[in-house]
Amino acid sequence: MFADLEALSRDAAREIVALARASVAARGRFVIALAGGNTPRRTYELLAERYRDAIDWPRAAIVFGDERAVPPNDERSNYRMVREALLSRVRVPDECVHPVPTHGASAEQAAERYEETLRHVLGDQSGEARGRDAAATSPDQPMPTVDLALLGVGPDGHTASLFPGSPALDERTRWAIAVDAPTTVQPAVPRVTTTLAFLDGARAAIFLVAGADKRRVVSEILEARESARRYPAAMVAPRGRVLWMIEQSAAPASTLNAEPS
Ligand code: 6PG
């Protein structure tokens, strides 16, 4: 639990750098799926301000966990937020960044194109990764996708753009699909989201959570209440470790007596 967003963001930036270095050492590159929304912005800014030379950016592959079906320069675009906070401030080659192709496309068209992008960027890791990634050898393990999935949680328990009750939650083959505009959160625009099949292939996942409006849902999820089973954020089951980084106002009451980091 973190005293404020700044402390959470500092620690998150450090975690990302450590994972990037370990991934490059192990597999020669670092594949990260970035989260949208507001919470991760400060983490991205700190990566640019404090760690711009700590990550071997030409060895990075940057994809997006979800995107709003708006043009890339729209103020609601996750890509625009990431470009402003991070990408425009570090020396990452354009070919290492893979935005969802929303420009001039419907959500469905963008999702179909992004599926191809993800398959191309991530490649068929069955052979290569299985050889070098011991955890990939067991058949029941989902195919490895990214080294790190950065995720947020909405007050309704959504993550990426996987919303409670959405048919998208049943998709176990495709990695990217289009979803209708949500009715429970803003912006109420159609989205392109990565699926549970994609997120479960992550070697690690970090949830960045801030804001008192998240406390109820976070408490249900972390206390593993039966009621939490309906939340997409509780359904994500990556092959690797899951880290919840929670700002104090979003933390379950049971943890509030713990010293904040
Ligand atoms: C999006 C995000 C979404 C976000 C949560 C939390 O496109 O909006 O992917 O899943 O992570 O809604 O948003 P905040 O971090 O702004 O609270």
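Here, each number is a calculation from the coordinates, and none is a lab measurement. Given the structure is predicted, the values throughout are model-derived calculations rather than measurements. Cβ placement follows ideal geometry from the backbone for every residue including glycine, while neighbour counts extend to all protein chains displayed.
Numbers below:
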read-out: Of the DSSP H helices in the chain, those whose Cα atoms cover at least 30 Å axially and whose Kyte score averages -1.0 or more; value: 5-27
read-out: Inter-centroid distance (Cα atoms) of the stretch 195-218 relative to the stretch 20-94, Å; value: 17 Å
read-out: Where trypsin sites (Lys or Arg not before Pro) in DSSP loops with at most 16 other Cβ within 10 Å are excluded, longest remaining stretch of the chain; value: 92-171
read-out: Dipole-positive endmost among 97, 69, 235 within the chain (Cβ charges, Cα centre); value: 97
read-out: Fewest-first sequence of 4, 11 by Cβ atoms within 10 Å of each Cβ; value: 4, 11
read-out: Dipole in debye (nearest 20) - the stretch 25-95, about Cα centre, beta carbon charges: Lys, Arg +1; Asp, Glu -1; value: 200 debye
read-out: Antiparallel bridge percentage (DSSP; both residues within the chain; nearest 5); value: 30 percent
read-out: Size of charge dipole - the chain - debye, nearest 20, with Cβ of Lys, Arg +1 and Asp, Glu -1, no other charges; value: 420 debye
read-out: Prolate/oblate/rounded label for the chain (Cα gyration tensor, a/c 1.5); value: rounded
read-out: Shape category assigned to the stretch 1-135 from the gyration tensor of Cα positions, a/c cut at 1.5; value: oblate
read-out: Dipole magnitude of the stretch 136-261, debye to nearest 20 (Cβ charges: Lys/Arg +1, Asp/Glu -1, about Cα centre); value: 100 debye
